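Following: one structure in C-alpha cells, then a few remarks.
The values are calculated or read from the model by the stated rules, or taken from the named source; none is laboratory data. Note that the structure is predicted; figures quoted are calculated from it, not measured. Backbone-built Cβ (ideal geometry, glycine too); neighbour counts: all protein chains shown.
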C-alpha cells in the first residue's frame, strides 16, 4: 500500500443504495453506461486523478453485482459494508480506511452516480479546501425557484440569492467528519450530505464552484446525458 503523503488523499464512495427512481431490479450504479457499469466510470475518473491515493467503496450487505476490482490506475480499491442511509455508509467507509490515514487527514466523499466530475474541479477543491476546514463542489442557483403546494401549484417565488446546488466530491478531515456523522446519528438528525453534518457541528464548509456537467444520475433519462458528457469531457 502506498504511503499517504500530505499531497495525496483517499476517497470514500458510498454505493450501498439502490437508486429506486431509475427503476428495475439492478441498483443504478451497476446499470450500463457507455457499455460499462456506471460505477466503474466514476471510480476510474477518481482514480485517474494524480492526488487520489486510493478508493474505499461502501456496498450493500447483499450486493451481488460488485465486479470485485481491487485496483484502478495502480491505486488500491477497498470495500466495506455500508448502511441504510448515505450517512451510515460514509461513516462505515471512514472507519474502514487504512490505518495510515490519520484523523487530521482530508478525505474526499463522492457520489457513485456522478461519473462526469472533472479533474480540474477535483484539483480546485483540494487546493482551496486544504487551507480551511473543508468544503464541497457546487454551483450557484441560477434558475428561478418556486415553492409549491401539495397540488403542485406554484405558491411563491423564492429568492435565489446565496443559494447553491451541492455537488460532490465533498472534502473534510477524517476525524471531524466522523465525529459530525456520529453526532447527527445520535441525535436522530437525517442529513442529505456530509456538508450538512459539518454544518450541524458548527462548521461553515467552503463552497467551490465546479462545472455544472458534474451531474448526478437519478432517472433513466440521465444515462443518455451522462454518456454524451463523458464523450466530451474524457
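Looking only at the range 87-146, which residues are surrounded by fewer than 13 Cβ atoms within 10 Å (Cβ to Cβ), free of Cβ contacts under 8 Å to residues at least 40 places away in the same chain and in a loop (DSSP other than H, G, I, E, B)?
Correct list: 99, 131, 142, 143, 144.
Among the residues in the range 23-39, are any touching a strand residue (DSSP E or B) at 6+ places or on another chain (Cβ under 6 Å), in contact (Cβ under 8 Å) with a residue 40 or more places away in the chain and within 22 Å of residue 177 (Cα to Cα)?
No, the range 23-39 contains no residue that is touching a strand residue (DSSP E or B) at 6+ places or on another chain (Cβ under 6 Å), in contact (Cβ under 8 Å) with a residue 40 or more places away in the chain and within 22 Å of residue 177 (Cα to Cα).
Examine the range 167-180 for a residue that is surrounded by fewer than 19 Cβ atoms within 10 Å (Cβ to Cβ), within 16 Å of residue 111 (Cβ to Cβ) and either at pLDDT below 95 or touching a helix residue (DSSP H, G or I) at 6+ places or on another chain (Cβ under 8 Å) (or both), and state whether such a residue exists.
Checking the range 167-180: not a single residue is surrounded by fewer than 19 Cβ atoms within 10 Å (Cβ to Cβ), within 16 Å of residue 111 (Cβ to Cβ) and either at pLDDT below 95 or touching a helix residue (DSSP H, G or I) at 6+ places or on another chain (Cβ under 8 Å) (or both).
Evaluate the range 181-194: report whether one residue or more is in a loop (DSSP other than H, G, I, E, B), surrounded by fewer than 16 Cβ atoms within 10 Å (Cβ to Cβ) and touching a strand residue (DSSP E or B) at 6+ places or on another chain (Cβ under 9 Å).
Taking the range 181-194 as the starting set, the residues that turn out to be in a loop (DSSP other than H, G, I, E, B) are 188-193.
In the following step, the residues that additionally are surrounded by fewer than 16 Cβ atoms within 10 Å (Cβ to Cβ) were identified as 188-190, 192.
Imposing the further condition that a residue be touching a strand residue (DSSP E or B) at 6+ places or on another chain (Cβ under 9 Å) reduces the set to 192.
Checked the range 181-194: at least one residue is in a loop (DSSP other than H, G, I, E, B), surrounded by fewer than 16 Cβ atoms within 10 Å (Cβ to Cβ) and touching a strand residue (DSSP E or B) at 6+ places or on another chain (Cβ under 9 Å).
Does residue 53 meet the test of being assigned to a loop (DSSP other than H, G, I, E, B) and at pLDDT 95 or above? Give the derivation first.
Values: assigned to a loop (DSSP other than H, G, I, E, B): no; at pLDDT 95 or above: yes.
Against the criterion (assigned to a loop (DSSP other than H, G, I, E, B) and at pLDDT 95 or above), residue 53 does not qualify.
Consider residue 160 against the criteria (1) at pLDDT below 95; (2) in contact with a helix residue (DSSP H, G or I) (Cβ under 9 Å, 6 or more places away or on another chain): it satisfies all of them except one. Which criterion is unmet?
Only one criterion is unmet by residue 160, namely (2).
Tally the residues that are surrounded by fewer than 16 Cβ atoms within 10 Å (Cβ to Cβ) and in a helix (DSSP H, G or I), restricting the search to the range 195-228.
5
In the range 158-180, what count of residues is obtained for those that are over 17 Å from residue 139 (Cα atoms), in contact with a strand residue (DSSP E or B) (Cβ under 6 Å, 6 or more places away or on another chain) and free of Cβ contacts under 8 Å to residues at least 40 places away in the same chain?
Result for the range 158-180: 1.
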